[in-house]
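Colleague: For reference, the structure I am asking about is given below.
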Amino acid sequence: MSFWRVLLAIFFPPLSILDKGCGSVLIVLLLTICGWVPGVIAALVILNNPDK
């Protein structure tokens with residue numbers, strides 16, 4: 001997880017996980033629409049997951 005990805009996840013969460021798949025982007029986008037904080041948390045969790 002690079003510094004730039006973390007900054008991007010804080011300012012625009014869906015853009016930071018574009019390479020993780022369409023489903024992840026949609027989930028983070030919906031969470032960001034519902035509230036900025038859930039979108040940021042979801043993006044950081046997805047970025048921190050070493051499996052993908």
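Colleague: If you scan the range 23-52, which residues turn out to be within 16 Å of residue 5 (Cα to Cα) and of a type in the set (D, E, K, R)?
Modeller: Passing the criteria: only 52.
Colleague: I need the full set of residues from the range 17-44 which are open to solvent by 90 Å² or more (accessible area, probe 1.4 Å) and of a type in the set (Val, Ile, Thr), in order please. Don't jump to the end; show me each part of the working.
Modeller: Going through the range 17-44, the residues open to solvent by 90 Å² or more (accessible area, probe 1.4 Å) turn out to be 18-19, 22, 26-27, 30, 33-34, 36, 41.
27, 33, 41, listed by residue number.
Colleague: Could you please let me know if residue 52 is surrounded by 11 or more Cβ atoms within 10 Å (Cβ to Cβ) and either hydroxyl-bearing (Ser, Thr, Tyr) or modelled with pLDDT under 95 (or both)? Give the steps one after another, and end with the answer.
Modeller: Values: surrounded by 11 or more Cβ atoms within 10 Å (Cβ to Cβ): no; either hydroxyl-bearing (Ser, Thr, Tyr) or modelled with pLDDT under 95 (or both): yes.
Answer is no for this residue.
Colleague: Sort out which residues of the range 1-16 are among the aliphatic types (A, V, I, L, M) and exposed (fewer than 12 other Cβ atoms within 10 Å of the Cβ), and write them in order of number.
Modeller: Here is the first cut: in the range 1-16, the ones among the aliphatic types (A, V, I, L, M) are 1, 6-10, 15.
Hit for the range 1-16 is 7, nothing else.
Colleague: What number of residues within the range 1-20 satisfy the criterion of being among the aromatic types (Phe, Trp, Tyr) and either outside any helix (DSSP H, G or I) or within 8 Å of the chain's Cα centre (by Cα) (or both)? Walk me through how you get there before you give the answer.
Modeller: Pass one, the range 1-20, residues among the aromatic types (Phe, Trp, Tyr): 3-4, 11-12.
Still in the list and also either outside any helix (DSSP H, G or I) or within 8 Å of the chain's Cα centre (by Cα) (or both): 12.
Residues meeting the conditions: 1.
The values are calculated or read from the model by the stated rules, or taken from the named source; none is laboratory data. Since the structure is predicted, the reported quantities are computational estimates derived from the model, not experimental observations. Glycine gets a Cβ as well: all are built from the backbone with ideal geometry, and neighbour counts include every protein chain shown. Please note that ligands, DNA and RNA were not included when accessible areas were found on the heavy atoms of the full protein model with its side chains. Shrake-Rupley method; radii C 1.70, N 1.55, O 1.52, S 1.80 Å.
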